[in-house]
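Undergrad: Pasting a structure here, questions to come.
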Amino acid sequence: MSVTIPDCIFCKIVTKEIPANLIYEDDQVIALKDIHPRAKVHLLLIPRIHVPSLAQLETKHEGLMSHMMLLLPNLAHRQDLHRGFRIIINTGKGGGQEIDHLHMHLLGGPQLPGF
Ligand code: 5GP
Ligand code: ZN
């Protein structure tokens, strides 16, 4: 069961308190376009449950993480990213994470710059 954290913007999107155009959803995750895209395609894949970051993952999240990883190529394919894509998981302040609700960035386009 998910617990809503009042000040978490992604929890509010999940519960539809804040309206958003979801491009995918199922019982475990949602996906939507990043509000400030850094590439032609820039999606956020967000679990419905509030986990602050990758650093707080527990063994009980194994199934969810596996689901998300397997979903990413599927989402990339639907966005016509047939040549490839990039996944970013910013973790913690030192990792540049701005929103403390675990999420994966899916980036792609004609050609991403070198990392
Ligand atoms: P982080 O730095 O935490 O990994 O990335 C958070 C991302 O969420 C940023 O790329 C930012 O543009 C995006 N973002 C922040 N607020 C919203 C919002 O209300 N809607 C959407 N779609 N994206 C958001
Ligand atoms: Zn949250």
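Undergrad: Can you classify region 9-108 as rounded, prolate or oblate using the Cα gyration tensor, where a ≥ b ≥ c are the square roots of its eigenvalues, rounded means a/c under 1.5, and otherwise it's prolate if a/b beats b/c and oblate if not?
TA: rounded
Undergrad: Something else now. Just want the answer: with Cβ charges of +1 for Lys and Arg and -1 for Asp and Glu, which residue in Ile49, Gln97, Phe10 is farthest toward the dipole's positive end in the chain?
TA: Gln97
Undergrad: Continuing with the same structure: When the solvent-accessible surface of protein heavy atoms is calculated with a 1.4 angstrom probe, in what order do Asp34, Asp7 fall, highest first?
TA: Asp7, Asp34
Undergrad: Separate question: Would you look at the GNM of the chain, springs on alpha carbons closer than 10 Å, and say which of Asp27, Asp100, Asp80 moves the most?
TA: Highest fluctuation of the listed residues: Asp27.
Undergrad: For the chain, modelled as a Gaussian network with Cα springs under 10 Å, which listed residue fluctuates most, Gly94, Gly84, Gly63?
TA: Of Gly94, Gly84, Gly63, the most mobile in the Gaussian network model is Gly94.
Undergrad: Heavy-atom accessible area per residue, region 50-115, 1.4 Å probe: how many Å²?
TA: Averaged over the residues of region 50-115, the accessible area is 61 Å².
Undergrad: To the nearest 0.05, how large is the calculated FRET efficiency for Glu62 and Ile18 if R₀ is 41 Å and r is the Cβ-Cβ distance?
TA: The formula returns an efficiency of 0.90 here.
Undergrad: Can you give me the solvent accessible area of Thr91 with a 1.4 Å probe, rounded to the nearest 10 Å²?
TA: Result for Thr91: roughly 50 Å² accessible.
Undergrad: Compute the orientation-averaged projected area for region 26-67 from the convex hull of its Cα atoms and round it to one decimal in nm².
TA: With every direction weighted equally, the projected area is 3.7 nm².
The values are calculated or read from the model by the stated rules, or taken from the named source; none is laboratory data. Everything numeric here is computed off the predicted structure, so don't read it as measured data. Cβ sites come from the backbone with ideal geometry, for glycine too, and all protein chains shown count toward neighbours. These accessible areas exclude ligands, DNA and RNA; they are computed on the full protein's heavy atoms, side chains included. Shrake-Rupley method; radii C 1.70, N 1.55, O 1.52, S 1.80 Å.
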